[in-house]
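See below for the structure under consideration.
The values are calculated or read from the model by the stated rules, or taken from the named source; none is laboratory data. Keep in mind it's a predicted model, so treat the numbers as computed, not measured. Neighbour counts run over all protein chains shown; Cβ positions are idealised from the backbone, glycine included. In case anyone asks, the SASA skips ligands and DNA or RNA and just uses the protein heavy atoms, side chains included. Shrake-Rupley method; radii C 1.70, N 1.55, O 1.52, S 1.80 Å.
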Amino acid sequence: MKDMTSIDPHLDYQVVIIGAGLSGIYQIKRLADLGVKATVLEANSDLGGTWFNNRYPGARFDSESYTYGYSFSEEVLEEWSWTEKHSPQSETLAYLNFVADKFELRQYMQFNCRVRSLTFDEDTSAWSVHLEGGREVTTRFVITALGTLSTPSLPNYDGMDSFEGISFHASNWPHEPLELEGKRVAVIGAGATAIQLIPEVAKKAEQLIVFQRRPNWAAPLNNGPISESEMSAIRERYDEIFATCARTPGGFEHMPDPRSFYDVTPEQRHELWDRLYDESGFAIWLQNFMEIFVDERANAELSDYIAERIRRRVHDPLVAELLVPKDHGFGVQRLPLETGYFETFNRGNVQLVSTTKTPISRVSATGIETTEQSYEFDIIVYATGFDSFTGAFNRIDIQGLKGKRLSEKWKAGPVTHLGLMISNFPNFLMLMGPQTPAANFPRSAEMSVNWVTQFLEYMWAKGHVMFNTDEGDEAEWVEHVKETYQGALLRNAKSFFTGYNSNIKGHEHGNTRYNIYNGGVPRYASIISEFSNNEYKGVHFQ
Ligand SMILES: Cc1cc2nc3c(=O)[nH]c(=O)nc-3n(C[C@H](O)[C@H](O)[C@H](O)COP(=O)(O)OP(=O)(O)OC[C@H]3O[C@@H](n4cnc5c(N)ncnc54)[C@H](O)[C@@H]3O)c2cc1C
């Protein structure tokens, strides 16, 4: 094998990976195995990314644990036992630590290293990486593993800084225990995070008031334990599980129903939905008829069905109506899964305030004021989502060829080639960047890491020191990504799929950002493998 450590001795590193979450961990494993001089720079004080940060009560994934884990190591599959169908944050963080420790990957990671800027030097074909605090390192290649949901976004209410109690974004829930007993708590938001944490907070807080602007559709997670014997059966099935994930559009075991919505009677549809509503994970979303994603009538019938299920679970009909979304159909946004969410609003200590009817006018020293009333709180939780997909990139000043800035290029939304490369930003590769499939994350992340590693091996084998992807090919890819939105009901949704975020300028509804590749995992996999089989045709190498 070529001695990879001797390449470019004048540079600090051959590869810098930014981010030590699930993607960065696997990428450094692949590069360490090749003996490449590489490091991971991580802003946090430890690894884990999403699962290091999000410690709010109820945080867990909606993916099935055994489809979420890495597939690359037989030993890990053999040695690790998941204890719940949908693993809680603490177990997932322990899992990522187990993998990193098993392969002794910490030695390649540097924590408390926030990357502030990246500058490409055309003379040396290398990047200068500037860290918070002033340190600088040089590297031939940069691989971003920044996370799609790693940059929390807060609302802009007057007086937020004046609140004298405890307040934080849900993603920054304190790491030390936070006493909720006897406390008056506000949760602002009704998205996936809020839907997970509200039932847990309600069990402990003296009073919980939820400020909801737009309700989201949600369906039961139906979580449960995994016994040791079930885990053994899962181990036997791992090959089959991952093969199935590779065949489905979302990278899950859930296969869409093969029948057409219109080929079955309304009674048969309801039979299917009754069954799927009681199954675990995304069954109700991803084992449904394909028409629900593209056909208004099919989607409306399913939405009516789910609305009825919500109404049955909430005692007060007025509260139930507030919890039923009216501005979008079921499943056109990322579906949050819940455990007792709707029943939580039957509790005496929980109140729902619609901020569409009575908007929040300001945050005061003691609480929250709406146009109608003042409320006093000890704790305010902002469950207000993320500056998703592009937020973490925009927080780094990235300058490519001729000093061009990525933030400028992406002003109206991401522009990439295959979600992996960006023209005029040479030697820059993205893991799970925008315009890749929004799927069961590890399934796509492993695919991206494998592709990127193979690409770098190709460059090293050929002795190339620089690549730049073609502007024309990039434009074609962006057009193709846009086509994958056509006909899909999600194209009109106010969601991170379309880049909507009312708290961020330029992300208003109507300014569609094509954040995801909506053509499914199998199609994406075949496009990127054809690109490598054709020796990256169109890429300019030096
Ligand atoms: C609450 C929640 C639930 C989720 N549930 C699911 C689920 O059920 N199924 C699923 O598939 N996915 C889920 N996701 C998505 C989840 O983000 C991915 O599954 C996965 O963890 C992403 O891994 P990553 O390594 O790509 O990114 P992340 O885990 O986000 O890691 C990115 C890392 O980059 C670091 N970073 C960012 N900017 C910089 C910088 N400038 N300098 C240095 N470091 C930086 C961050 O600190 C972070 O550690 C969920 C996300 C959230 C927030």
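Brief remarks on what is shown
- Long-range HN-HN contacts of Thr355 with modeled amide H, under 5 Å: Gln212, Arg213
- Against the chain, whose longest principal axis is taken from its Cα atoms, helix 296-313 shows a tilt of about 60°.
- Protein heavy-atom surface of region 447-542, 1.4 angstrom probe: 46% of the accessible area is carbon and sulfur, with nucleic acids and ligands not counted.
- Over region 465-533, the hull volume per residue, using the convex hull of the C-alpha atoms, is 129 Å³.
- FRET efficiency for the pair Gln373 and Asp46, taken as 1/(1 + (r/R0)^6) with r the Cβ-Cβ distance and R0 = 41 Å, rounds to 0.45.
- Averaged over residues, the count of other Cβ atoms within 10 Å places the peptides 147-155, 56-64, 173-181, 479-487 in the sequence 56-64, 147-155, 479-487, 173-181, highest first.
- For the chain: rounded, prolate or oblate by the Cα gyration tensor [a/c cutoff 1.5]: prolate
- Across region 497-506, rounded Karplus estimates of 3J(HN,Hα) from the backbone phi angles (6.51 cos²θ - 1.76 cosθ + 1.60, θ = phi - 60°) give 4, 9, x, 6, 7, 5, 8, 10, 4, x Hz, Gly and Pro being marked x.
- C-alpha long axis of helix 441-462 to longest principal axis of the chain, angle in °: 10 degrees
- Averaging 1/r over every pair of different alpha carbons in region 274-359 and inverting the result gives a Kirkwood radius of 14.2 Å.
- Rounded, prolate or oblate (a/c below 1.5 giving rounded, otherwise prolate when a/b exceeds b/c) for region 74-114 by Cα gyration tensor: oblate
- HN-Hα J in Hz across region 40-45 - Karplus 6.51, -1.76, 1.60, θ = phi - 60°, x for Gly and Pro: 10, 9, 10, 5, 6, 7
- Estimated distance in nm for a label pair at Glu179 and Thr265, the labels positioned 7 Å out from Cα along Cα-to-Cβ: 6.1 nm
- In the structure shown, the pairs Lys357/Lys411; Lys29/Lys537; Lys37/Lys409; Lys411/Lys494; Lys203/Lys357; Lys326/Lys357 are assessed against 24 Å; a Cα-Cα span above that value is assigned to Lys357/Lys411; Lys29/Lys537; Lys37/Lys409; Lys203/Lys357.
- Full extension of the chain between Arg235 and Asn511 yields a length gain of 94.8 nm, computed as 0.36 nm times the residue separation minus the alpha carbon distance.
- Remark: accessible surface ordering of Ser364, Ser529 (largest first) is Ser529, Ser364, probe radius 1.4 Å.
- Approximate shape of region 346-441 as ellipsoid semi-axes (Cα gyration tensor, √5λ), whole Å, largest first: 42, 17, 11
- Calculated mean residue ellipticity, 222 nm, the chain: -9500 deg cm²/dmol, from DSSP H runs (n ≥ 4) at -39500 (n - 2.57) each, averaged per residue and rounded to 500.
- Cβ-defined net charge surrounding Lys494, 11 Å radius [Lys, Arg +1; Asp, Glu -1]: 0
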